[in-house]
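The block underneath contains the structure these notes are about, expressed in structure tokens.
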Amino acid sequence: MATLMCFHAHPDDEAIATAGLIMSASAAGHRVILVVATTGELGLDPHDGLDDGESLADRRRSETLRSAEILGVHRTEFLGYHDSGMNGDHRNDDPASFWQADIDEAAARLATLVSDETVDVLTIYDDHGGYDHPDHIQVHRVGTRFAQMAGIDEAYWATMNRDEIARQLAMVAELYEEEPPEVDTETFGMAETELTHAVDLGTFIDRKRAAMRAHASQIRDDSFFLSMRDEVFARAFGTEWFHRPGSQPGKEPIPITITFSS
Ligand SMILES: [Zn+2]
């Protein structure tokens, strides 16, 4: 049995970026730890409102625990930083924000949090956080430092396949005559030639969607993620892409995974 640790920026990122990897590792009998850097305090106000005395952070914490349960995570932790907001938001300057955290201090805090674990495989994000979100960039920087400190060789960058997204957007526009979502396919994620590993979800795609749905305050039923047809969703989210520095480009399975039947 090995231990997989997925390090994420906000509640819901685990479902969007690494649900398949988590489910496959858990189903294969490995231990899975989820660490979320912030509690997503700057997310959307829930459409059904907050309960008396409940904060958005409280709501998002419970949603994350539900998502983690669906995915088969064994342990969920929050690193305790504040959401920094999108790039350019004035709250990027908040001293409590993850973006303002000192890299060494944050990596040490992460190491202390999981000091009783032996992490074999770690996921962080690519070096521009997929789409330049400050908290996602910080996951890359802090996670890279943590991997060095903990001597973790198997560190994978969760990212998006920008070439596949460009192909899919063209296909959606042609097939359904729908206006595709606006994505800058020049800069989003990474180029296909830089990707080294992939996880195909197969029949586990429904549980990925269920985990997204657990984040109901942020990912609503009428959202881009949940309103698309099942077959479009399966195409868009049926493969999770990774880059591991030093590995050959390709679509290798991450060693800890099992392959789902599709
Ligand atoms: Zn995020």
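Readers should treat all values here as calculations from the given coordinates under stated rules, not as data from a laboratory. Fair warning: this is a prediction, and the values are worked out from it, not measured in the lab. Quick reminder, even Gly has a Cβ in these numbers, built from the backbone with ideal geometry, and neighbours come from all protein chains shown.
Computed over the chain, the per-residue total of -39500 (n - 2.57) for DSSP H runs of n ≥ 4 gives a 222 nm mean residue ellipticity of -11500 deg cm²/dmol, rounded to 500. In terms of surrounding Cβ atoms within a 10 Å radius of their Cβ, Ser97, Ser24 rank from fewest to most as Ser97, Ser24.
Between segment 206-257 and segment 1-44, what is the C-alpha centre distance in whole Å? Result: 12 Å between the Cα centres.
In the chain, with Lys and Arg counted as +1 and Asp and Glu as -1 at Cβ, which of these residues, Ile165, Leu175, Phe7, has the Cα nearest the positive end of the dipole, that is, farthest along it? Working it through, the farthest residue towards the positive pole turns out to be Phe7. As a proxy for reagent exposure, ranking Leu56, Leu175, Leu34 by other Cβ atoms within 10 Å from fewest up yields Leu175, Leu56, Leu34. Projecting the Cα atoms of Ser84, Leu201, Pro95 onto the charge dipole of segment 3-243, computed from C-beta unit charges around the Cα centre, puts Leu201 farthest toward the positive end.
Span-like helix check, the chain: qualifying full DSSP H segments, with Cα axial length of 18 Å or more and mean Kyte-Doolittle of -0.5 or more, are 13-27, 134-150, 162-176.
Going by how many other Cβ atoms sit within 10 Å of their own, how do Thr39, Thr112 line up, fewest first? Least to most surrounded, the residues fall as Thr112, Thr39.
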